[in-house]
Amino acid sequence: MKLLYSFCLLFFIAINSDAQNHPATANYDLKKKRLLIQTCSIYLYNSNQGSIDADSSVVLTCKAYKLPVSLAYDEGFNDGSYLIGNDLIGNDLIGKGNIDAAKKLFLKSKNVDKIKLALQLGNHYLFLPFTKPDDLKNANFYITEALKISNQLKIQKWQHQSLMLQGKFYFQVNNYPESKKCFLQVVNECRKQNDKVVLADALLNQATYQYDLDPEKEKILKEAETLYKALGFEEKVIETKIKLCTIYFWHGKINDAKKILYQNIAAMRKIGFKQQQYGETTIAYIESVQYNMKAALYYAQKSVETMESTKDYTFADIFYMRLGLVYLQMGHNDEAIKMSEKSIKYGQNVYSSGSWYKSFITATASLSMKGKNKEAIEYMNSITNNYPPPNDIDNMLMNFAYANCYWRIKNYGTAEKYFIKSGEAADRLNSPQTYRDVCNTYASIALFYGNRNNLQKTKLYVDKIEAISKKYSKNYNSEALQMSLYKIDSLNGDFKAALVHHKLYKKMSDSLLDYSKNKQIEELKIQYETENKEQKIKQLDKETNLQEAALKKSKLLNTLSIWSLVLLLLTVVLLYNRYRLKQKSNAELALKEKEINLKNINLRHLLDEKEWLLKEIHHRVKNNLQTVISLLNSQSAYLENDMALSAIKNSQHRIHSMSLIHQKLYNSENISTINMPNYIRELVEYLRESFSLGQRVRFELKIDPLELDVAQAVPLGLILNESITNSIKYAFPDSQTGMIYVTLEATSEDKYLLTIADNGVGFDANMSFTKINSFGLSLIKGLSDDLDAVFSMENNNGTVLKIEFLKEFPINEKRR
């Protein structure tokens with residue numbers, strides 16, 4: 001799984017890199033580029049907690065920053081000047097992957113050039129990603145050749161470089177004694193010759209290729225640091241301190257590690273090294289482990305600011321992930337989710353350090369802390385279906401997150417299932433790098449079983465914490481552990497011990513933010529007690545002086561007491577005055593509120609009156625129109641001319657279409673708009689009855705549920721009346737049967753289309769509009785112009801009239 005994870009990371013970065021220089025390294029010399037590789041690769045190795053090895057971390061860094069991998073290993077024989085492995089135009093054969101050409105050149109080379117090329121080829125094969133047995137065989141061959149030729153030429157510089165590369169080879173093949181022997185030989189010879197430069201390099205290499213648990217490693221690194229300081233090699237001092245910091249961190253010397261990080265950031269600023277964010281995010285992690293959350297937040301934000309100000313977004317997922325975790329610990333769940341989303345975005349789309357998976361789990365935890373546990377579970381399902389956990393630590397954290405979500409929604413059976421899976425993944429993790437995460441997992445599982453009153457399993461996981469702490473000589477403490485111990489003691493009946501653990505739990509849980517303050521108070525108390533003790537010792541020799549000092553102190557205390565009382569009285573007076581002002585302000589506000597309420601009631605009455613008056617107007621207009629219709633009806637009784645009777649009949653229909661609108665407004669709660677489906681159905685029904693059509697002419701209505709302004713509804717009603725009347729009169733001669741289709745629909749967001757069609761005889765296409773029912777058509781066209789509508793008339797199996805108009809009626813603006 002570790003190999004697969006490394007391969008995925010390498011492949012992802014490889015496809016995102018090209019031959020161009022990275023902007024972050026544009027102005028860097030060779031020393032700073034090597035420092036960048038060391039700074040970033042050591043951070044990646046430690047932050048991935050053993051998921052990838054040190055060499056894979058170097059490859060990831062070099063690919064992301066577009067640097068040759070060889071720069072991490074060839075410092076002794078590559079100072080940036082011309083090498084035999086370069087062709088005539090300066091292209092590095094090995095760097096370009098032209099290994100066969102480099103091998104042929106090796107066979108032709110002689111003396112020092114041959115040694116250099118042998119070292120390059122040996123270095124290339126030794127540090128290939130996913131080194132195979134044949135690669136190691138080739139590496140051994142070229143390193144042995146370099147050593148043989150350097151011994152023949154008796155050039156000590158190349159003997160030392162060949163020996164150190166051989167020491168690296170033995171370390172890679174797990175022959176630790178032989179590796180140590182090679183480095184010691186170079187160190188001892190350099191001591192004899194007092195060659196401080198090579199001695200410092202040899203010591204650094206010796207320490208680098210020793211296991212972290214080797215007690216000599218710290219001592220060797222400190223000597224190398226001292227030498228580099230004396231030589232003025234500032235980049236090498238920083239690199240050595242980074243490696244010292246790693247040892248301190250994993251051996252539990254947290255404050256020593258933090259001190260080095262502060263020193264390194266200052267040194268980086270001094271030499272113009274921009275990538276300080278790797279140190280700042282590490283400080284943020286240490287401060288959070290120590291519950292100094294204000295400092296943790298400051299440095300987490302600082303690392304993001306540094307990254308953004310330098311525009312070096314390489315591995316941006318790291319820094320957003322750390323800031324998200326700090327926000328989560330402080331209970332700022334929304335900010336934690338935002339930072340996690342940024343980390344995931346950069347991890348999936350730019351360069352991945354392997355941290356984005358932790359960010360996804362942070363986002364899940366933030367949702368859970370907000371009480372959105374079901375949403376958190378769905379989010380996890382969506383991610384894990386496409387991106388299963390790539391290693392045991394992410395597998396442990398994923399199952400841990402699932403378990404906590406189900407625990408919070410009281411689905412204890414499913415929660416236990418995921419806690420067991422998380423515990424099994426934790427059991428498989430066996431390194432100092434994963435110690436704290438494993439202990440956090442065990443502590444939460446223990447607390448889960450403690451809350452379920454399962455004493456046996458609670459104790460099992462507490463014992464696991466004790467065992468792993470003893471193994472790595474570390475101390476672990478957390479709220480979950482103290483609560484678990486409290487549960488164990490309570491279930492065993494040891495209430496005294498249970499009380500102690502409960503107090504410790506309360507102390508930790510009361511406030512993470514107050515931790516650093518409490519720590520400062522304790523330090524001040526210790527300082528004060530120390531000063532008191534020193535003062536008592538001096539009292540033996542200077543009793544008289546101390547008595548006078550005590551009197552002065554007493555007077556000072558009296559003075560302070562008096563002034564304190566005065567200040568207290570002033571404070572009371574000010575508070576009382578503030579209380580009176582607040583009472584007065586509240587009374588004024590209450591009075592204003594009463595006035596506003598009274599005005600609102602009056603306005604409501606006025607509005608009701610206005611609505612009633614409008615309804616009354618509509619009612620009277622409707623009555624007046626009905627009166628006009630009755631008068632026309634009475635007049636028609638005295639007429640014998642068919643044309644006049646037809647004109648009166650048409651006028652009655654037109655007036656009725658308007659009257660119907662005012663009737664609708666009077667009967668409706670809404671006095672500003674007309675419900676068009678109801679209106680058109682009633683108008684059609686009226687016309688059907690007026691012409692006594694029976695079943696001879698039938699209607700098909702398709703009306704969208706629209707509400708139109710009165711100013712639009714009136715002309716539309718008249719158009720409908722004219723069009724339907726024309727169809728009834730002229731479309732079906734000789735009592736033919738037929739259909740009339742009326743459609744009103746929204747064609748877009750702000751346009752409506754009214755269509756009146758029939759399947760009758762149509763009209764003569766050769767006849768001009770002016771001759772076709774001239775008054776009715778003129779009326780329709782005039783009303784269409786009032787609506788600012790587009791009017792069209794066509795023959796299509798009958799007559800088809802279309803009126804397309806805007807939703808916002810332009811007459812409204814004219815009226816205003």
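The values are calculated or read from the model by the stated rules, or taken from the named source; none is laboratory data. Note that the structure is predicted; figures quoted are calculated from it, not measured. Please note: Cβ atoms are built from the backbone with ideal geometry, for glycine as well, and neighbour counts cover all protein chains shown.
Within segment 416-432, count every residue that is part of a helix (DSSP H, G or I) and either surrounded by 21 or more Cβ atoms within 10 Å (Cβ to Cβ) or of a type in the set (Ser, Thr, Tyr) (or both). Show your work before the answer.
First, the residues of segment 416-432 that are part of a helix (DSSP H, G or I): 416-428, 432.
Those still in the list that are either surrounded by 21 or more Cβ atoms within 10 Å (Cβ to Cβ) or of a type in the set (Ser, Thr, Tyr) (or both) too: 418-419, 422-423, 425-426.
Residues in segment 416-432 being part of a helix (DSSP H, G or I) and either surrounded by 21 or more Cβ atoms within 10 Å (Cβ to Cβ) or of a type in the set (Ser, Thr, Tyr) (or both): 6 in total.
Provide a single number: the residues in segment 378-437 that are basic (Lys, Arg), out of contact with any Ser or Thr (no Cβ under 8 Å at 6 or more places or on another chain) and over 30 Å from Ile247 (Cα atoms). Break it down into steps so the answer makes sense when it comes.
We begin by selecting, within segment 378-437, every residue basic (Lys, Arg); these are 408, 410, 417, 421, 428, 436.
Adding the requirement that they be out of contact with any Ser or Thr (no Cβ under 8 Å at 6 or more places or on another chain) leaves 410, 417, 421, 428, 436.
Right, trim to over 30 Å from Ile247 (Cα atoms) and you get 410, 417, 421.
Number of matching residues: 3.
Given the residues Lys253, Lys311, Lys294, which is the only one that is of a type outside the set (A, V, I, L, M) and either under 19 Å from the mean Cα position of the chain (by Cα) or buried (at least 20 other Cβ atoms within 10 Å of the Cβ) (or both)?
Numbers: Lys253 fails: either under 19 Å from the mean Cα position of the chain (by Cα) or buried (at least 20 other Cβ atoms within 10 Å of the Cβ) (or both); Lys294 fails: either under 19 Å from the mean Cα position of the chain (by Cα) or buried (at least 20 other Cβ atoms within 10 Å of the Cβ) (or both).
Step by step, each of Lys253, Lys311, Lys294 is checked, and only Lys311 is of a type outside the set (A, V, I, L, M) and either under 19 Å from the mean Cα position of the chain (by Cα) or buried (at least 20 other Cβ atoms within 10 Å of the Cβ) (or both).
Go over the candidates Tyr299, Tyr262, Tyr313 one by one and state the one that is closer than 22 Å to Thr25 by Cβ, in contact with a helix residue (DSSP H, G or I) (Cβ under 8 Å, 6 or more places away or on another chain) and aromatic (Phe, Trp, Tyr). Show your work before the answer.
On the way: Tyr299 fails: closer than 22 Å to Thr25 by Cβ; Tyr262 fails: closer than 22 Å to Thr25 by Cβ.
Just a single option satisfies the conditions, and that option is Tyr313.
For segment 212-238, which residues satisfy the criterion of being part of a helix (DSSP H, G or I) and in contact with a His (Cβ under 9 Å, 6 or more places away or on another chain)? Before the answer, list the steps.
Just the residues of segment 212-238 that are part of a helix (DSSP H, G or I), to begin with: 216-231, 234-238.
Once the filter is applied, which keeps residues that are part of a helix (DSSP H, G or I) and in contact with a His (Cβ under 9 Å, 6 or more places away or on another chain), segment 212-238 yields only Glu218.
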Worksheet item: Using beta carbons and a limit of 6 Å, which pairs, at least six apart or on different chains, have the first residue in segment 708-728 and in contact (Cβ under 8 Å) with a residue 60 or more places away in the chain and the second one among the aromatic types (Phe, Trp, Tyr)?
Response: Asp709/Phe809; Ala711/Phe809; Gln712/Phe809
Worksheet item: On the given criteria, is Ala200 at pLDDT below 90, under 23 Å from Ile260 (Cα atoms) and of a type in the set (Gly, Ala, Ser)?
Response: yes
Worksheet item: Just a yes or no: is a residue in segment 239-258 polar (S, T, N, Q) and either outside the structural domain of Gln206 (by TED's automatic domain parsing) or not in a helix (DSSP H, G or I) (or both)?
Response: no
Worksheet item: Going by the structure shown, is Tyr402 without any contact (Cβ under 8 Å) to a residue 24 or more places away in the chain, part of a helix (DSSP H, G or I) and in contact with a helix residue (DSSP H, G or I) (Cβ under 7 Å, 6 or more places away or on another chain)?
Response: no
Worksheet item: Can you tell which of Thr755, Thr673 is surrounded by fewer than 20 Cβ atoms within 10 Å (Cβ to Cβ), among the polar types (S, T, N, Q), modelled with pLDDT of 85 or more and in contact with a strand residue (DSSP E or B) (Cβ under 7 Å, 6 or more places away or on another chain)?
Response: Thr755
Item to complete: Could you list, in sequence order, all residues of segment 305-344 that are in contact (Cβ under 8 Å) with a residue 24 or more places away in the chain, more than 23 Å from Ile383 (Cβ to Cβ) and in a helix (DSSP H, G or I)?
Response: Thr306, Met307, Thr310
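Quick check: is even one residue across segment 734-746 part of a loop (DSSP other than H, G, I, E, B), out of contact with any His (no Cβ under 8 Å at 6 or more places or on another chain) and modelled with pLDDT of 85 or more? Full working, then the answer.
Here is the first cut: in segment 734-746, the residues part of a loop (DSSP other than H, G, I, E, B) are 734-737.
Now restrict to residues that are out of contact with any His (no Cβ under 8 Å at 6 or more places or on another chain): 734-737.
Cutting the leftovers down to modelled with pLDDT of 85 or more gives us 736-737.
Yes: one or more hits.
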Practice prompt. Select, from Arg698, Arg688, the only residue that is touching a strand residue (DSSP E or B) at 6+ places or on another chain (Cβ under 8 Å), outside any strand (DSSP E or B) and not hydrophobic (A, V, I, L, M, F, W, C).
Written response: Arg688
Practice prompt. Go through segment 104-130 residue by residue and tally those that are free of Cβ contacts under 8 Å to residues at least 60 places away in the same chain and not in a helix (DSSP H, G or I).
Written response: 3
Practice prompt. Could you tell me which of the residues Leu147, Leu165 is within 48 Å of the chain's Cα centre (by Cα), surrounded by 22 or more Cβ atoms within 10 Å (Cβ to Cβ) and assigned to a helix (DSSP H, G or I)?
Written response: Leu165
Practice prompt. Given the conditions (1) more than 17 Å from Gln433 (Cα to Cα); (2) more than 19 Å from the chain's Cα centre (by Cα); (3) crowded, with 22+ Cβ neighbours inside 10 Å; (4) modelled with pLDDT under 90, report the number of the one that Glu280 does not fulfil.
Written response: (4)
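Name the residues in segment 51-72 that are free of Cβ contacts under 8 Å to residues at least 40 places away in the same chain and either within 27 Å of the chain's Cα centre (by Cα) or over 15 Å from Thr25 (Cβ atoms) (or both), would you?
Keep residues of segment 51-72 that are free of Cβ contacts under 8 Å to residues at least 40 places away in the same chain, which gives 54, 57, 61-62, 68.
Result: Ala54, Ser57, Thr61, Cys62.
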Worksheet item: So which pairs qualify, if the first residue must be in segment 786-797 and closer than 19 Å to Ser727 by Cβ and surrounded by 13 or more Cβ atoms within 10 Å (Cβ to Cβ), the second must be at pLDDT 90 or above and of a type in the set (Ser, Thr, Tyr), the Cβ gap must be under 9 Å, and the two must be at least 6 apart or on different chains?
Response: Met793/Thr799
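Restricting attention to segment 478-490, and to residues there that are of a type outside the set (D, E, K, R) and free of Cβ contacts under 8 Å to residues at least 40 places away in the same chain, which single residue is surrounded by the most Cβ atoms within 10 Å (Cβ to Cβ)?
Within segment 478-490, the first condition is being of a type outside the set (D, E, K, R), and the residues that meet it are 478, 480-486, 488, 490.
Then drop every residue that is not free of Cβ contacts under 8 Å to residues at least 40 places away in the same chain, which leaves 478, 482-483, 485-486, 488, 490.
Numbers: Ser478: 20, Gln482: 22, Met483: 22, Leu485: 25, Tyr486: 23, Ile488: 20, Ser490: 18.
Per the criteria, the residue is Leu485.
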Worksheet item: Looking at (1) in a helix (DSSP H, G or I); (2) within 18 Å of Leu447 (Cβ to Cβ); (3) free of Cβ contacts under 8 Å to residues at least 40 places away in the same chain; (4) not assigned by TED's automatic domain parsing to the domain that holds Ser469, can you tell me which one Lys410 breaks?
Response: (1)
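Taking the conditions exactly as written (over 19 Å from Leu708 (Cα atoms), surrounded by 11 or more Cβ atoms within 10 Å (Cβ to Cβ) and modelled with pLDDT of 85 or more), does Ser774 satisfy them or not? Break it down stepwise before answering.
On the way: over 19 Å from Leu708 (Cα atoms): yes; surrounded by 11 or more Cβ atoms within 10 Å (Cβ to Cβ): yes; modelled with pLDDT of 85 or more: no.
No: the conditions fail for Ser774.
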